[in-house]
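The values are calculated or read from the model by the stated rules, or taken from the named source; none is laboratory data. The structure presented is a predicted model; accordingly, all values stated were derived computationally and were not measured. Methodologically, a virtual Cβ is constructed for each residue, glycine included, from the backbone with ideal geometry; neighbour enumeration extends over all protein chains shown.
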Amino acid sequence: MPEALALDREGLLAWGCRERRDLPWRRTRDPWAVLVSEVMLQQTQVARVVPRYESFLRRFPSASGCAAAPLGDVIDEWRGLGYNRRAVNLHRSALVVVAEHGGHLPDDLDALLRLPGVGPYTARAVLAFAHERPVGVLDTNVGRVLARQAGRSLRPSEAQRTADGLVPENDTWAWNQAMLDLGATVCTAAAPGCDRCPVRGSCSWRSAGLPAPDPATGSAAVAGPQSPFDGSDRQGRGRLVDALRVSSLARRELAAAAGWPEAPERAERAAAGLVADGLAVWDGERLRLPRHPVDVAAP
């Protein structure tokens, strides 16, 4: 491990124990519940996820329960979270888990990575938080911490090796939670709270006086700025899905439902995208959520 990343593990673990956010998915080691939380947290703020997570698990407490439900029901339960394609991937993952793993999420990295919509971060999160395997969970918050500690941008493989190498073998769950909280609440993208940071003594960027550019910018796993939402195709797609949660839509209703009353062609393209992504199906001349087994494409 590079000397600059020789973090005070005991200090960070002690800080994490004191400052750990009380989040519902931290009260379970159930792999399905962990997977649900991690998929929901992709590009969605914690405050929006908490109520939807608890509601979702009441309705779909297991992979088997999710797989047995119509995809449209899963999309219904995803309301308020955005990026609705994640609901499709979660349902497809549940189908694979039932078909290939007897209804139990695999505890193998390669098998997890083969699940629809599960990438390196989510797979490692399941291993670390459900099975307490000594793997580093590398999201945008952790990536920011690592880059600033190193004082430079990190390549993806380098960042993952560094995250893995830092994990104490016997405290993988607590360590990864502490790293996530550190990046989310102290080592933030804007106005980092360096004076409150438990590992400020090893931070190369702080030692150098926080010079521009921020080494986290463009570093592995660190998300860049999102494109504007207002007026975007993503906004129109979301409006269509919200409308479909209530009832099916005739073609003539698409433009108004998408919020583009003067652009019916744009609404048609958005509807076509929903169908291609598995979020909707045409039933004659009406667009609706997929409610029947025949509507669901194989994963």
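Among the residues making up segment 10-52, those that are more than 19 Å from ALA94 (Cβ to Cβ) and under 11 Å from the mean Cα position of the chain (by Cα) are GLN43, THR44, GLN45, VAL46.
Among the residues making up segment 148-168, those that are touching a helix residue (DSSP H, G or I) at 6+ places or on another chain (Cβ under 9 Å) and part of a loop (DSSP other than H, G, I, E, B) are GLY151, ARG152, SER153, LEU154, VAL167, PRO168. The test for being buried (at least 24 other Cβ atoms within 10 Å of the Cβ), on the phi < 0 side of the Ramachandran plot and not assigned by TED's automatic domain parsing to the domain that holds SER62 does not hold for ALA159.
Looking at ALA125, ALA130 in this structure, which one is of a type in the set (A, V, I, L, M), touching a residue at least 60 places away in the same chain (Cβ under 8 Å) and closer than 30 Å to GLY201 by Cβ?
On the way: ALA130 fails: closer than 30 Å to GLY201 by Cβ.
None of the others qualify; the one that does is ALA125.
Going through (1) in a helix (DSSP H, G or I); (2) modelled with pLDDT of 95 or more; (3) of a type outside the set (D, E, K, R) one by one, ALA4 falls short only on (2). Among the candidates GLY65, GLY82, the residue that is part of a loop (DSSP other than H, G, I, E, B) and of a type in the set (Gly, Ala, Ser) is uniquely GLY82. Give segment 101-122 a look and list any residue that's free of Cβ contacts under 8 Å to residues at least 24 places away in the same chain, in a helix (DSSP H, G or I) and more than 15 Å from ALA63 (Cβ to Cβ), or say none. Listed by number, the residues that qualify are ASP110, LEU113. Close Cβ contacts (under 7 Å, 6 or more residues apart or on different chains) running from residues in segment 222-233 that are within 17 Å of CYS187 (Cα to Cα) to residues that are in a helix (DSSP H, G or I) comprise VAL222/THR140; VAL222/GLY143; VAL222/ARG144; VAL222/ALA147; ALA223/THR140.
Set side by side, the residues VAL137, VAL74, VAL98, VAL145 differ, and just one is crowded, with 16+ Cβ neighbours inside 10 Å, outside any helix (DSSP H, G or I) and of a type in the set (A, V, I, L, M, F, W, C), which is VAL137. Scan segment 49-68 and give yes if some residue there is more than 23 Å from ALA128 (Cβ to Cβ) and touching a Leu at 6+ places or on another chain (Cβ under 7 Å), otherwise no. The answer is yes; a qualifying residue exists. Could you pull out the residue among VAL49, VAL74, VAL98, VAL36 that is without any contact (Cβ under 8 Å) to a residue 60 or more places away in the chain and touching a His at 6+ places or on another chain (Cβ under 7 Å)? Of VAL49, VAL74, VAL98, VAL36, the one residue that is without any contact (Cβ under 8 Å) to a residue 60 or more places away in the chain and touching a His at 6+ places or on another chain (Cβ under 7 Å) is VAL74.
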